[in-house]
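Here the structure is laid out as structure tokens; the discussion comes afterwards.
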Amino acid sequence: MSEKTLIQGINEGLRTALKERSDVVVLGEDVGKNGGVFRATEGLWEEFGDERVIDTPLAEAGIVGAAIGMAINGMRPVAEIQFMGFIYPAFEQIVTHAARLRTRTQGQHPASLVVRAPYGGGIRAPELHSDSTEALFVHTPGLKVVAPSTPSDAKGLLLSAIRDPDPVIYLEPMKIYRAFRQEVPEGWFEVPIGKARKVREGEDVTLIAWGTMVPVAERAAREASERGVSCEVLDLRSLCPLDEEAIVTSVKKTGRAVIIHEAPKNAGLGAELAARIHELAFLWMESPVKRVTGFDVPVPMFALEDDFRPSQKRIDRAIHKVMTF
Amino acid sequence: MDRVDRCYLKPGGQLTEEGRSRWEAVPEELKLDFYRWMVQVRSFDRRSVILQRQGRIGTYAPLEGQEAAQVGSALALSKEDWIFPSYREHGVAMIAGMPLMRILLYWMGRVEGNVPPEGVRVLPPYVPIATQLPQAMGAAWASKLKRERSVSVAYFGDGATSEGDFHEALNFAGVFQLPVIFFCQNNHYAISVPFSRQSAVPTVAERACAYNIRGIRVDGNDVLAVHSAMEEAVTRARKGDGATLIEAVTYRKGSHTTADDATRYRDPSEVEDWVREKDPISRMEALLKAEGLLSEEDVKKWEEQCKALVDRAVKEAEAAPAPSADHLFAHVFEELPPELNRQRAELSGEGGECV
């Protein structure tokens, strides 16, 4: 075990997969010699060569389309899209083909591939680099969607995604790529897809978050405890499928839920979570579910991104509201 | 006929000079196969249009007029090669080993029609235009990385050449020198829009040079020329010499689909010219008869056999037991997540409502 950042966890996951599975290739823009614009693939091209870690032309549909073709022909491609805001040219390949090939071919070609994309804001990135459109993919039957928030989960979820026979969209919280270090197990180790992580035990309110919002939720929970409110924090990790059991168990205990996500509110994943809680735990609830999300406006340029992203203050207010309903 | 790089068999059934030497080199069985497959494909196609009119299958995409392009190209492939078809490639699919009955199931709206028998490398029809090109390129890339000799073929029409996926796939194929063949049946229309509205460049094939891959434009109604162009492309791909863009100039005699009416946008004299003068089957039939390889009696006999084959496929398809509604969930994921299990139970009426 050694202490690693989240992006090193990703790097370590890719290295392990390339080492242990000869069918794995990493492809995308700048993933080779440059080691990725965030250095997620640093050192891999040197170690595994040009046929395993492949710099492609600048073409997202081409990258994902090629990855699907490779998967059909027996490989396990891990495609990188440089930023989630640039994934849309590949949207058709993902939604029309990757997500449906298993159904359309009745299991003959399951499109076993991973598409990695850094998402979210908070790093003062240029315009249109800070999208969080996970709901588009969660809404698409046939895809799995995951978003780690710790170095160890980053590696374990990535290796699960690579071994998973279904197509997985792996969303990377770029804001916390290097926010902290953590022990990351060596070798091939997996964090199961579909299982949430209980970050903090609490009694009064369940805070549900993933990716970039997990540290924000943790901070809110710490401060709430100083005001005498005990918050449980759930890191979903897996956005599809959801760990319903963990969510329902927690909200049945606390009777209150605040969902925090960076994506806009309207038809965001928070809406689905609120509906599930309503369907599965209505009689246990002490207050309506609150959502603290990005606003329903285009993601702003960075001068206003802190106003757009869920803030500590808005979360505090939501906790106060569910506690005083 | 627009200018083409290769024509071996002229519309009247005479061989060109080059065509004669090619013809001599082709085994007799293959000569007859060209003809037999084209007749079988047409027989299937005509019957399918009737089945749609009778309400026995859904909307159908007819291919009549394009038999030479499909048969000539498909007969140059081997079992190990990957085929990424559009929705008009029934001829290609049946030659690759897709049972007629399953092709009919597809047009009956049944997903089983997407699934070839074990060992047949035909993907389901790609309905959104040109999306199969990047995937064929990717499959070819995998073959190259794995040092396997299989090639991949993407089949598409002239309309697909306007899509971004066309450019991306050809560009990757050129950059990485991939064993992929881009086979364009230029039938002159994307539904109603003529090729002149797809492209300011007069041919598809010449675009190959922009990607540093090989391009060739053949008379797509000349099965012999199509086959030789495809054979060359396959050989090049297997040798590691990279991709080829083949433009087979052809014509769809009928409408885009049975839901379309081509008389709204095509000049009858143009259609007449292609139907009467340039038919792919009649020119091959004339040649085989002139060469003494086919008699009128053989023609009748083969047509009857094809009819019987198609009859049987129709019977089988119509007799196939209806899929159960539960089938909706069968292959969404390898393992169903809890929410989907609940929805499955909801469908079957075994509870599944919210707790």
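The values are calculated or read from the model by the stated rules, or taken from the named source; none is laboratory data. Because the structure is predicted, anything quoted here is derived from the model rather than measured. Cβ coordinates were reconstructed from backbone atoms using ideal geometry, including for glycine residues, and neighbour counts include every protein chain displayed. Ligands, DNA and RNA are excluded from the accessible area calculation, which covers all protein heavy atoms including side chains. Shrake-Rupley method; radii C 1.70, N 1.55, O 1.52, S 1.80 Å.
With respect to being modelled with pLDDT of 95 or more and more than 30 Å from A:His129 (Cβ to Cβ), A:Ile277 fits the description. Taking the range B:215-319 as the region of interest, the helices (runs of 4 or more DSSP H) fully inside it that hold 1 or more residues being surrounded by 21 or more Cβ atoms within 10 Å (Cβ to Cβ) are B:223-239, B:280-290, B:296-319.
Could you say whether any residue in the range A:22-35 is in contact with a helix residue (DSSP H, G or I) (Cβ under 8 Å, 6 or more places away or on another chain), away from every other protein chain (no Cβ under 12 Å) and open to solvent by 10 Å² or more (accessible area, probe 1.4 Å)? Checking the range A:22-35: at least one residue is in contact with a helix residue (DSSP H, G or I) (Cβ under 8 Å, 6 or more places away or on another chain), away from every other protein chain (no Cβ under 12 Å) and open to solvent by 10 Å² or more (accessible area, probe 1.4 Å).
Select, from A:Ala209, A:Ala196, A:Ala220, the only residue that is open to solvent by less than 10 Å² (accessible area, probe 1.4 Å) and under 21 Å from A:Gly156 (Cα atoms).
Details: A:Ala196 fails: open to solvent by less than 10 Å² (accessible area, probe 1.4 Å); A:Ala220 fails: under 21 Å from A:Gly156 (Cα atoms).
From the options A:Ala209, A:Ala196, A:Ala220, the qualifying one is A:Ala209.
Let's see how each residue does on (1) within 14 Å of chain A (Cβ to nearest Cβ); (2) farther than 22 Å from B:Val49 by Cα; (3) of a type outside the set (A, V, I, L, M, F, W, C):
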site	(1), (2), (3)
B:Thr263	no, no, yes
B:Lys278	no, no, yes
B:Gly292	no, yes, yes
B:Leu340	yes, yes, no
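Taken over the range B:170-214, the criterion of being farther than 30 Å from B:Glu24 by Cα and part of a strand (DSSP E or B) is satisfied by B:Tyr189, B:Ala190, B:Val193, B:Pro194.
For the range A:48-56, does any single residue satisfy the condition of being crowded, with 24+ Cβ neighbours inside 10 Å, more than 10 Å from chain B (Cβ to nearest Cβ) and touching a Phe, Trp or Tyr at 6+ places or on another chain (Cβ under 9 Å)? Yes, that holds for at least one residue.
Taking B:Ala313 as the residue in question, decide whether it is free of Cβ contacts under 8 Å to residues at least 40 places away in the same chain and not β-branched (Val, Ile, Thr). Break it down into steps so the answer makes sense when it comes.
Working: free of Cβ contacts under 8 Å to residues at least 40 places away in the same chain: no; not β-branched (Val, Ile, Thr): yes.
So B:Ala313 does not fit the description; no.
Answer yes or no as to whether B:Val175 is buried (at least 24 other Cβ atoms within 10 Å of the Cβ) and in the same structural domain as B:His227 (by TED's automatic domain parsing). Let's see the steps before the verdict.
On the way: buried (at least 24 other Cβ atoms within 10 Å of the Cβ): no; in the same structural domain as B:His227 (by TED's automatic domain parsing): yes.
Answer is no for this residue.
Scanning the range B:139-165 for residues that are surrounded by 24 or more Cβ atoms within 10 Å (Cβ to Cβ), touching a residue at least 24 places away in the same chain (Cβ under 8 Å) and either of a type in the set (Asp, Glu) or part of a helix (DSSP H, G or I) (or both) yields a total of 7.
A count restricted to the range B:54-108 and to residues that are acidic (Asp, Glu), within 21 Å of B:Val218 (Cα to Cα) and buried (at least 23 other Cβ atoms within 10 Å of the Cβ) stands at 2.
Within the range A:91-106, being more than 7 Å from every other protein chain (Cβ to nearest Cβ) and part of a helix (DSSP H, G or I) holds for A:Phe91, A:Ile94, A:Val95, A:Ala98, A:Leu101.
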